[in-house]
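A.B. asks: Quick one: the structure is below, and I'll ask about it shortly.
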Amino acid sequence: MTSIITGDIINSRESEPKNWLKTLKSTLNIYGKEPKQWEIFRGDSFQLEIAPEKALEASILIKASIKQYKNLDVRIAIGIGGKTYESEKITESNGSAFVNSGECFEKMKKSTLALKSDFIDFDATINTMLELAQLTINHWTVTSSTIIKTSLENPELNQNQIAKMLKKSQSNISEGLKRGGFDEILKLLYYYKTQIKNLC
């Protein structure tokens, strides 16, 4: 079982690609190599293959990375399933994970983060939780996004260390994490990972 993340940048034309493209590439690079594990296509769309248990965390990290840029957001569909054909390029590989990701992406209207697998009950629960999470995530400020991105990338660091890294005060970090619902997001990620283990 694998998972495929399909995404595109919302409002990409309102910002110079050189601003966000480098950030997107460096975030995708954390999870694999181009073009076998990830690829950017049509200028502002991308696909990433990743282990199912890491898919949601990667999606939230990509969101935080892109939302560091004013007026930008990212639409992300997670597909979980099998892989029946592996190419040198992810965009040419195939299987139910790719189909689920594509179908999920096509059906996204107001949502900017959703999931589709072969497990209907799992999907219903997680998608309800993701819709609730978006009530906070969709309103992340540039500052909150930067703090959350840094915290997700450096889980071993405490708030004082994150503050030093970002040249901010510890109270700024604490406030940014609180406003961004970081503790609740960590609980969501933990729940998601425990459920995925039961499915695999």
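A.B. asks: Relative to the Cα centre, what is the charge dipole magnitude of region 26-108, using +1 at the beta carbon of each Lys and Arg, -1 at the beta carbon of each Asp and Glu, and rounding to the nearest 20 debye?
C.D. replies: On the way: 11 positive and 12 negative charges, 58 e Å.
It works out to roughly 280 debye.
A.B. asks: Let me ask something else. Give me the distance between the Cα centres of region 166-182 and region 1-53, rounded to whole Å.
C.D. replies: With region 166-182 and region 1-53 each reduced to a Cα centre, they are spaced 26 Å.
A.B. asks: Right, here's the next one. Note the per residue figure in Å³ for the convex hull of the C-alpha positions in region 97-136. Don't jump to the answer; show the numbers that get you there.
C.D. replies: Numbers: hull volume 2.4 nm³, N = 40.
Dividing the Cα hull volume of region 97-136 by its residues yields 59 Å³.
A.B. asks: Something else: Between Lys193 and Asn11, what is 0.36 nm times their sequence separation minus the Cα-Cα distance? Round to one decimal in nm.
C.D. replies: On the way: separation 182, 0.36 × 182 = 65.52 nm, distance 3.09 nm.
Result: 62.4 nm gained on full extension.
A.B. asks: Based on the Cβ-Cβ distance of Phe41 and Lys110, what FRET efficiency does E = 1/(1 + (r/R0)^6) give at R0 = 22 Å, to the nearest 0.05? The partial results should precede the final answer.
C.D. replies: Working: r = 24 Å, r/R0 = 1.11.
With R0 = 22 Å, the Cβ-Cβ based efficiency is 0.35.
A.B. asks: Could I ask something else about it? Ignoring ligands, DNA and RNA, what percent of the 1.4 Å accessible area of region 75-200 is carbon and sulfur?
C.D. replies: On the way: 3710 of 7150 Å².
Looking at region 75-200 in its full context, I get 52 percent from C and S.
A.B. asks: May I ask you to derive the FRET efficiency for Asp121 and Lys22 from their Cβ-Cβ distance with R0 = 35 Å, giving the value to the nearest 0.05?
C.D. replies: On the way: r = 40 Å, r/R0 = 1.14.
For R0 = 35 Å, the calculated efficiency reads 0.30.
A.B. asks: Within region 53-119, list the GluC sites (Glu not before Pro) lying in a DSSP loop whose Cβ has at most 14 other Cβ atoms in a 10 Å radius. Write out the running numbers ahead of the final one.
C.D. replies: Values: sites: Glu53, Glu57, Glu86, Glu88, Glu92, Glu103, Glu106; in loops: Glu86, Glu88.
Those that pass, being in a loop and sparsely packed, are Glu86, Glu88.
A.B. asks: On to the next question. For an R0 of 35 angstrom, estimate the FRET efficiency from the Cβ-Cβ distance between Ser171 and Leu135 and round to the nearest 0.05. Don't jump to the answer; show the numbers that get you there.
C.D. replies: Numbers: r = 25 Å, r/R0 = 0.71.
Given R0 = 35 Å and the Cβ-Cβ separation, E is 0.90.
A.B. asks: Sticking with this one: At 222 nm, what value in deg cm²/dmol follows for the chain if DSSP H runs of at least 4 each add -39500 (n - 2.57) and the sum is divided by all its residues, to the nearest 500?
C.D. replies: My calculation for the chain gives -17000 deg cm²/dmol from helical runs alone.
A.B. asks: What do you get for the angle between helix 182-199 and the principal long axis of the chain? Use alpha-carbon atoms, 0 to 90 degrees, nearest ten.
C.D. replies: Tilt relative to the chain: about 20 degrees.
A.B. asks: Let me ask something additional. Share of Cα-Cα pairs in region 53-135 beyond 18 Å, in percent?
C.D. replies: On the way: 1559 of 3403 pairs.
Result for the distance tail: 46 percent.
A.B. asks: While we're looking at this one, here's another question. Distances over 27 Å make up what percent of all Cα-Cα pairs in the chain? Numbers along the way, then the final one.
C.D. replies: On the way: 5375 of 19900 pairs.
Counting every Cα pair in the chain, those more than 27 Å apart make up 27 percent.
A.B. asks: Next question, about the same structure. Sorting Arg75, Arg42, Arg179 by accessible area (1.4 Å probe), largest first, what list results? Don't skip to the answer; put the middle values down first.
C.D. replies: Numbers: Arg75 60, Arg42 190, Arg179 130 Å².
Largest accessible area first, the residues go Arg42, Arg179, Arg75.
A.B. asks: I've got another one for you. Kindly report the accessible area of region 57-101 per residue (heavy atoms of protein chains, probe 1.4 Å, no ligands, DNA or RNA), in Å².
C.D. replies: Numbers: 1590 Å² over 45 residues.
Accessible area per residue, region 57-101: 35 Å².
A.B. asks: On to the next question. Once you charge only the Cβ atoms, +1 for Lys and Arg and -1 for Asp and Glu, what is the size of the charge dipole of the chain about its Cα centre, to the nearest 20 debye?
C.D. replies: Values: 27 positive and 24 negative charges, 145 e Å.
The calculation lands at about 700 debye.
A.B. asks: May I ask for the Rg/Rh ratio of region 147-200, computed from Cα atoms with Rh as the Kirkwood radius, given to two decimals? Could the numbers behind the result be given before it?
C.D. replies: Numbers: Rg = 13.2 Å, Rh = 12.0 Å.
A ratio of 1.10.
A.B. asks: Of the cross-linked pairs Lys22/Lys164; Lys89/Lys193; Lys25/Lys193; Lys63/Lys149; Lys149/Lys178, which ones have a Cα-Cα span greater than 20 Å in the structure shown? Could the numbers behind the result be given before it?
C.D. replies: On the way: Lys22/Lys164 24 Å; Lys89/Lys193 27 Å; Lys25/Lys193 25 Å; Lys63/Lys149 9 Å; Lys149/Lys178 14 Å.
Long pairs (Cα-Cα over 20 Å): Lys22/Lys164; Lys89/Lys193; Lys25/Lys193.
The values are calculated or read from the model by the stated rules, or taken from the named source; none is laboratory data. Everything numeric here is computed off the predicted structure, so don't read it as measured data. Reconstructed Cβ throughout: ideal geometry from the backbone, glycine too, with neighbour counts over all protein chains shown. We work out accessible area using only protein heavy atoms, side chains counted, and drop any ligands, DNA or RNA first. Shrake-Rupley method; radii C 1.70, N 1.55, O 1.52, S 1.80 Å.
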